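Undergrad: Here's a structure for you.
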Amino acid sequence: MDTSATLWWDSHKDCLCYIEQTLLPGEYRIIECRDVDRLATAIRRLEIRGAPALGVAGAYGVALAARTSPHTDFSKVMTGVRQAAELLRSTRPTAINLGWGIDRVLKGLAAARTSDEVRTISLREAENIAAEDTACCHAIGGHGAALLPDRCTVLTHCNAGALACSSWGTALGVIRSAIEAGKDVKVFSCETRPLLQGARLTAWELARDGIDVTVITDSMAAHFMRAGAIDAVIVGADRITHDAVFNKIGTYTHAVTARYHKIPFYVAAPLSTFDAERNERDVVIEERAREEITIMGNRTYVTDSAKVKNPAFDATPMELVTAIITEKGVLRQPIDTRSHLSFCKSH
Ligand code: MRU
């Protein structure tokens, strides 16, 4: 299967390369990013998106700041690195992986004593995070594949695939691993209004790998569940608190609908997505621009005098989640994220 990386460091060009996701599926373009402001814009515009990919991007962003610093003096390089870290952290508030990746590199830099060490340690740590992310996705895939019947149709929302991670994917990683294990898995991909990550990205990457994928609008999901066409729902996550799973807006609707139809609702996410000490009410849900809703192509579909709301994520209460699939194993009901995390850390 072709599951090439979504973002990576080009050591010859000394820059961060990534697939520009806003152009897909019409155009496959690799961007060479050489400055932190450009990276911050790329994250805000969703050129790079998806929680684990944001963690990797944040980590590479700190390395980029270190390697492009105009200073030689250690403390000046570190000041610039910390400013860049805060700029990157501020780009998107909901996916916890972004801050997690940034903080992990900053923590690694505590060992740096010279500006050269800042440059080498930051890049080494970012490379580790990228490699570990791919390994996590394969582990999640292995654990999740065992939950799927030998022949099934899975509904997914947004894009929790290779494009949302370093490679392979979380929710789509489960599907890829199940197929690799010989299972016959078909996918229904919800288009995911307003930015169409399901229609544009999930369908593209699954079709590229020869996986059977059908795109439906978000409002069709209940119809197909009622018709018996869906055996399981699998989604990714941007943050998992003690009591809720935050993921792309529309996920909660699928969870409620799946419960009504007695269909398992699985969440696939690495431990870096857990924020187990916090509760749903503590989390900021990103509110995005009005134009994402009102304009399609060249046309405006909503009168200027109407108000618009555009939250990018919603929270699914934990009681609606059948199981959370992590790289360390499957967390089943009654799900207690706090004790699960402490168990994982001690093993
Ligand atoms: O706004 P996006 O495209 O960054 O939202 C992405 C999602 O909601 C994904 O489902 C989530 O980050 C999990 S990706 C493995």
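Computed from the coordinates by the stated procedures, all read-outs in this text should not be read as laboratory data. Just so we're clear, the structure is a prediction, and the values are computed from it rather than from any experiment. Reconstructed Cβ throughout: ideal geometry from the backbone, glycine too, with neighbour counts over all protein chains shown.
Undergrad: Return the aspartates and glutamates within reach of Lys76: Cα separation strictly under 20 angstrom, same-chain partners fewer than 8 residues apart disregarded; answer none if there are no such residues.
TA: Counting by Cα, and skipping residues close in sequence, Lys76 has these aspartates and glutamates nearby: Asp35, Asp37, Glu86, Asp103, Asp116, Glu117.
Undergrad: Picking from Ile293, Ile240, Ile324, which is most flexible by a Gaussian network model of the chain using Cα springs under 10 Å?
TA: Ile293
Undergrad: Do the sum for the chain: with -39,500 (n - 2.57) for every DSSP H run of n ≥ 4, divided by all residues, what is the mean residue ellipticity at 222 nm, to the nearest 500 deg cm²/dmol?
TA: On the way: 11 runs with 131 residues, N = 347.
Rounded to the nearest 500, the figure is -11500 deg cm²/dmol.
Undergrad: In a Gaussian network model over the chain where Cα atoms closer than 10 Å are linked, find which of Cys136, Cys165, Cys15 has the largest mean-square fluctuation.
TA: Cys15
Undergrad: Hey, which aspartates and glutamates would be in cross-link range of Lys183, C-alpha to C-alpha under 20 Å, not counting anything within fewer than 8 residues on its own chain?
TA: Those aspartates and glutamates meeting the cut-off are Asp2, Asp150, Glu205, Asp209, Asp212, Asp231.
Undergrad: Here's another thing I want to ask about it. Using the membrane-span-like helix rule (whole DSSP H runs, Cα extent along the own axis of at least 30 Å, mean Kyte-Doolittle hydropathy at least -1.0), which helices of the chain qualify?
TA: Details: long enough: 115-145 (45 Å, -0.22).
Both cut-offs are met by 115-145.
Undergrad: How many angstrom lie between the C-alpha centres of the range 198-214 and the range 314-345?
TA: Between the Cα centre of the range 198-214 and that of the range 314-345, the gap is 28 Å.
Undergrad: Place a +1 charge on the Cβ of each Lys and Arg in the chain and a -1 charge on the Cβ of each Asp and Glu, then give the dipole magnitude about the Cα centre in debye, rounded to the nearest 20. Don't jump to the answer; show the numbers that get you there.
TA: On the way: 40 positive and 42 negative charges, 86 e Å.
About 420 debye.
Undergrad: Among Lys13/Lys107; Lys248/Lys309; Lys186/Lys262, which pairs are too far apart, with a Cα-Cα distance over 22 Å?
TA: Lys13/Lys107
Undergrad: Continuing with this model, one more query. Specify which residue in the list Thr156, Ile102, Ile263 is farthest towards the positive end of the charge dipole of the chain, using unit charges on the beta carbon of Lys, Arg (+1) and Asp, Glu (-1), about the Cα centre.
TA: Sorting the options by dipole projection puts first Ile263.
Undergrad: What is the antiparallel percent of DSSP beta bridges lying wholly in the chain, to the nearest 5?
TA: Numbers: 23 of 44 bridges.
Of the beta bridges lying entirely in the chain, close to 50 percent run antiparallel.
Undergrad: GNM on the chain, C-alpha springs below 10 Å: top fluctuator among Ser166, Ser219, Ser272?
TA: Ser219
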